[in-house]
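S.K.: Below you will find the structure I want to go over with you.
The values are calculated or read from the model by the stated rules, or taken from the named source; none is laboratory data. Because the structure is predicted, anything quoted here is derived from the model rather than measured. Here the Cβ positions follow ideal geometry from the backbone for every residue, glycine too, while neighbour counts run over all protein chains shown.
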Ligand code: URA
Ligand code: CA
């Protein structure tokens, strides 16, 4: 291991065997944390070639179980977002793409952050459960074309262990390490094709477009090296996506979008990502044709209906698709007034996310409980005009004292005298 650390420290390229030696040894405990830490820091400073990243990813995939989806007919397409504030796309895309005939076998997470993950959001539907056996999972996807479950089994233990170590050694923010971490989980989960939504802006992991593109190129290259059809979209996260930030609130926003009544940015992003998924799933030859299919399953109600079938199959109360008042609701709705008149010039998405987390919509640590009912509904987005006293947002809370969240929202939604263009939603496509 000392030789491997030294080699990377000096900026040399590691072989597949050396990388596998490290991953196997670290997973089984024969390589200690202090050597792994030194190795990670060397990677942080010296980087990794595309081939090294491919080897690292595969070694992590092979460190644990891999889900076999071969019993599901058709091309299995997965989608991954690097995460942002109010990102409700998975909830919409799963039924939307499945309604066009692409099987979606989705493994999702909870995670830390401003709101819960997809699983938490789904659990705001009464009765919905995310525990299926692998057999039930496969059968449901074959029968209905869609299922959403929690991560089961011992998937990528090397990544779990390394991610915890990176967290305490200031080595999270390394593109080769992020790319291999994300891709190892997607590959182990069994998808044939992977559509990546890499966010950029204030509310994203990658603050600059340059970094977002570098991460996207790394992940696409890793996917191609291991024989998975992989592509990426770079999308805007300079402001929250859609209007809703919160768990049940985002379920309602997803239902609105499946009805064709969703926010413009969220709807457009779902069309862009969904079109890619349908072409990758070989159900359409072109993105234009795929987009028409997506528009059709929204217009005829079949995407919404399929969302209802998913909920029913997993034990939830499917009546919510027609009556969202059955979702958990917060006790108080409190307006956040604008302090001045002007145009919304900037929204610091991450800080607005913090305001939602303070209400209880998300977890700061793994042990925190989430309040599924609470969150924020934005009334304005960048480029909109506002008059002093008019609401910027509505806070949904179970606690009357929301002064801190109000202050954060007022401080981080900037209102100026200048005209401000709406940010470009789709920055780039990488294939
Ligand atoms: N998300 C992941 O899964 N891994 C990383 O390294 C960073 C973000
Ligand atoms: Ca949203």
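S.K.: Which residue, of 242, 203, is farther than 27 Å from residue 75 by Cα, buried (at least 24 other Cβ atoms within 10 Å of the Cβ), away from ligand 1 (no atom under 16 Å from the Cβ) and touching a residue at least 12 places away in the same chain (Cβ under 8 Å)? Step through it out loud before you land on a result.
M.R.: Details: 203 fails: away from ligand 1 (no atom under 16 Å from the Cβ).
None of the other options fit; the residue is 242.
S.K.: With the stretch 11-81 as the region, which helices (runs of 4 or more DSSP H) entirely inside it contain at least 3 residues that are within 29 Å of residue 193 (Cβ to Cβ)?
M.R.: Values: elements: 16-28, 33-46, 50-61.
Of the helices (runs of 4 or more DSSP H) lying wholly inside the stretch 11-81, those with at least 3 residues that are within 29 Å of residue 193 (Cβ to Cβ) span 16-28, 50-61.
S.K.: Does residue 227 qualify as being under 21 Å from residue 395 (Cα atoms) and either within 11 Å of ligand 2 (Cβ to nearest atom) or surrounded by fewer than 24 Cβ atoms within 10 Å (Cβ to Cβ) (or both)?
M.R.: Here the answer is no, as residue 227 does not meet what is asked.
S.K.: What tally of residues in the stretch 251-290 results from selecting those that are within 23 Å of the chain's Cα centre (by Cα) and more than 24 Å from residue 240 (Cα to Cα)?
M.R.: 6
S.K.: Of the residues 303, 373, which single one is part of a loop (DSSP other than H, G, I, E, B), touching a helix residue (DSSP H, G or I) at 6+ places or on another chain (Cβ under 9 Å) and farther than 29 Å from residue 421 by Cα? Break it down into steps so the answer makes sense when it comes.
M.R.: On the way: 303 fails: part of a loop (DSSP other than H, G, I, E, B).
Going through 303, 373 in turn, just one is part of a loop (DSSP other than H, G, I, E, B), touching a helix residue (DSSP H, G or I) at 6+ places or on another chain (Cβ under 9 Å) and farther than 29 Å from residue 421 by Cα: 373.
S.K.: So residue 250 ticks every box in (1) surrounded by fewer than 24 Cβ atoms within 10 Å (Cβ to Cβ); (2) closer than 20 Å to residue 199 by Cα; (3) in contact with a strand residue (DSSP E or B) (Cβ under 6 Å, 6 or more places away or on another chain) but one. Which box is left unticked?
M.R.: Against the list (1) surrounded by fewer than 24 Cβ atoms within 10 Å (Cβ to Cβ); (2) closer than 20 Å to residue 199 by Cα; (3) in contact with a strand residue (DSSP E or B) (Cβ under 6 Å, 6 or more places away or on another chain), residue 250 comes up short only on (1).
S.K.: Then there's this: Considering 235, 180, 184, which residue is over 20 Å from residue 58 (Cα atoms) and either touching a strand residue (DSSP E or B) at 6+ places or on another chain (Cβ under 7 Å) or part of a helix (DSSP H, G or I) (or both)?
M.R.: Result: 235 is the single residue among 235, 180, 184 that is over 20 Å from residue 58 (Cα atoms) and either touching a strand residue (DSSP E or B) at 6+ places or on another chain (Cβ under 7 Å) or part of a helix (DSSP H, G or I) (or both).
S.K.: A follow-up question, please. Only one residue in 296, 313, 232, 330 is modelled with pLDDT of 95 or more, more than 14 Å from ligand 2 (Cβ to nearest atom), buried (at least 20 other Cβ atoms within 10 Å of the Cβ) and over 29 Å from residue 219 (Cβ atoms), so which one is that?
M.R.: Among 296, 313, 232, 330, only 330 is modelled with pLDDT of 95 or more, more than 14 Å from ligand 2 (Cβ to nearest atom), buried (at least 20 other Cβ atoms within 10 Å of the Cβ) and over 29 Å from residue 219 (Cβ atoms).
S.K.: Within the stretch 157-177, can you find the residues that are within 19 Å of residue 29 (Cα to Cα) and either in contact (Cβ under 8 Å) with a residue 12 or more places away in the chain or touching a strand residue (DSSP E or B) at 6+ places or on another chain (Cβ under 8 Å) (or both)?
M.R.: 157, 158, 159, 161, 162, 163, 165, 166, 169
S.K.: Right, next: Which is crowded, with 20+ Cβ neighbours inside 10 Å and in contact with a strand residue (DSSP E or B) (Cβ under 9 Å, 6 or more places away or on another chain), of 413, 382, 394, 370?
M.R.: Within the list 413, 382, 394, 370, the selection yields 413.
S.K.: Take the residues of the stretch 83-105 that are within 16 Å of ligand 1 (Cβ to nearest atom) and in contact with a helix residue (DSSP H, G or I) (Cβ under 6 Å, 6 or more places away or on another chain): which is modelled with the highest pLDDT?
M.R.: Per the stated criteria, the residue is 90.
S.K.: Filter the stretch 260-278 down to residues that are surrounded by fewer than 15 Cβ atoms within 10 Å (Cβ to Cβ) and in a loop (DSSP other than H, G, I, E, B), then give me how many there are.
M.R.: Within the stretch 260-278, residues that are surrounded by fewer than 15 Cβ atoms within 10 Å (Cβ to Cβ) and in a loop (DSSP other than H, G, I, E, B) number 2.
S.K.: Quick check: is even one residue across the stretch 279-292 within 12 Å of ligand 2 (Cβ to nearest atom), touching a residue at least 12 places away in the same chain (Cβ under 8 Å), over 23 Å from residue 182 (Cβ atoms) and part of a loop (DSSP other than H, G, I, E, B)?
M.R.: For the stretch 279-292, residues within 12 Å of ligand 2 (Cβ to nearest atom), touching a residue at least 12 places away in the same chain (Cβ under 8 Å), over 23 Å from residue 182 (Cβ atoms) and part of a loop (DSSP other than H, G, I, E, B): absent.
S.K.: Would you pick out the residues in the stretch 144-169 that are part of a helix (DSSP H, G or I) and surrounded by fewer than 20 Cβ atoms within 10 Å (Cβ to Cβ)?
M.R.: Scanning the stretch 144-169 gives 144, 157, 160, 161, 163, 164, 165, 167.
S.K.: I would also like to ask the following. Provide a single number: the residues in the stretch 206-216 that are within 16 Å of ligand 1 (Cβ to nearest atom) and part of a helix (DSSP H, G or I).
M.R.: Within the stretch 206-216, residues that are within 16 Å of ligand 1 (Cβ to nearest atom) and part of a helix (DSSP H, G or I) number 5.
S.K.: A further question on this structure: Would you check which residues across the stretch 130-143 are out of contact with any strand residue (DSSP E or B) (no Cβ under 9 Å at 6 or more places or on another chain) and assigned to a loop (DSSP other than H, G, I, E, B) and list them?
M.R.: Listed by number, the list holds a single entry, 133.
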